[in-house]
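Below is one structure, written out as structure tokens, with a few remarks after it.
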Amino acid sequence: MRRQWCPHCLDEDLVAFGDPHLRLFWTVGLVTACPKHGCRLETTCPICGEGRTQTGRHAKRVSMIGPGACGSCGAWLGARDAGRAGEPRAVAQATDLEVCMARQVALLVAEPLQAVERVAVDAVLQGACRRYFGGAMADLARWVGLNRSTVHGWMSGAVVPELSRLVELALKLHIDLRDLVAGNVSALPSSLGSAAAALEPRRRAPPEPEQKRRQLQARLTASESWSIRGMAADLGISHRDVYYYAGDAAREQASVRRDQSEMKRSIELAAARSVAVASLDTETSSARGLVRRTRDAVAASHPQLSYADLGNVVQQAIASVRVSIGSA
């Protein structure tokens, strides 16, 4: 569940209520736009970039002090800076399809099915089949653009389409998503018009093994800085495919990077132990809180170390100091 928000909605909430709030439908992965303002939902802080990992990917959760306040730098996540007057900052606009899909999901979330209602997508599809195609399921399947077995499963009620397909069907049938899910046949329009309504087929890209092998060999021989997962993500394939198409070279690359990582980590730990020992040598206050103060000193000089590594470094430094004192 990714945390996203509309900057304009946050600004309006702050002015109207003094306390902004996050919308539930913003957490739906299918939703990428605000149906009210037509802008694309944001997932990162515009000031410090909180919400984006070091590799440039979006994080699933963005820390917030409160709704609309970045948990990292405390900046306001709305379009208008709360501390300065003037025009709001630019926010990317969403496409018409993204806005329509967001509106459909928002309507369903705002008025979910009641306890006495049931999911009855099959009733609407059966009604559409009778009204527009004279009861011919094959014509409905051809119009939708899917095979007959898939449409038959939907119409029989044995299979419920996934949310993205439900939204596409609602848009093609010119009906609200809630009416489609609840089986409200009376909400169907009298005619669908002449526009083509076929859903976009979801086909997997052809494997093209030789092309993948050439691309992988070029990456593996060009530089040793690529990680296996990073290389796979850049080429749009699974990291398992890297080992399948270029097994020996990929294993050698992974071994080299593993050795480099272990060497770099050992150097960092050795440097951190030196800092810890130096901190212990200069420590003149009482022994109370000695471990915590030493850990803070090491963390300040080596912030990349994990909490477990910090504890191990401090304990090793204390042990080495005790040994040197005992031998003296």
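Below, the figures for the structure above:
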read-out: Amide H contacts under 5 Å for residue 64, placed H, 5+ residues apart; value: 71
read-out: Estimated distance in nm for a label pair at residue 255 and residue 268, the labels positioned 7 Å out from Cα along Cα-to-Cβ; value: 2.5
read-out: Restricting region 74-182 to trypsin sites (Lys or Arg not before Pro) in coil, as DSSP defines it, with at most 16 other Cβ within 10 Å; value: 84, 89, 118
read-out: Rounded D (µm²/s) - region 135-192, Kirkwood Rh over Cα pairs, Stokes-Einstein at 20 °C, 1.002 mPa s; value: 180
read-out: Accessible surface ranking that places the most exposed of 139, 122 first, with a 1.4 angstrom probe; value: 139, 122
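The values are calculated or read from the model by the stated rules, or taken from the named source; none is laboratory data. Everything numeric in this text was worked out from a predicted model, so none of it was measured. So basically every Cβ, Gly included, is an ideal-geometry build from the backbone, and we count neighbours across all protein chains shown. Heavy atoms of the whole protein, side chains included, go into the accessibility calculation; ligands, DNA and RNA do not. Shrake-Rupley method; radii C 1.70, N 1.55, O 1.52, S 1.80 Å.
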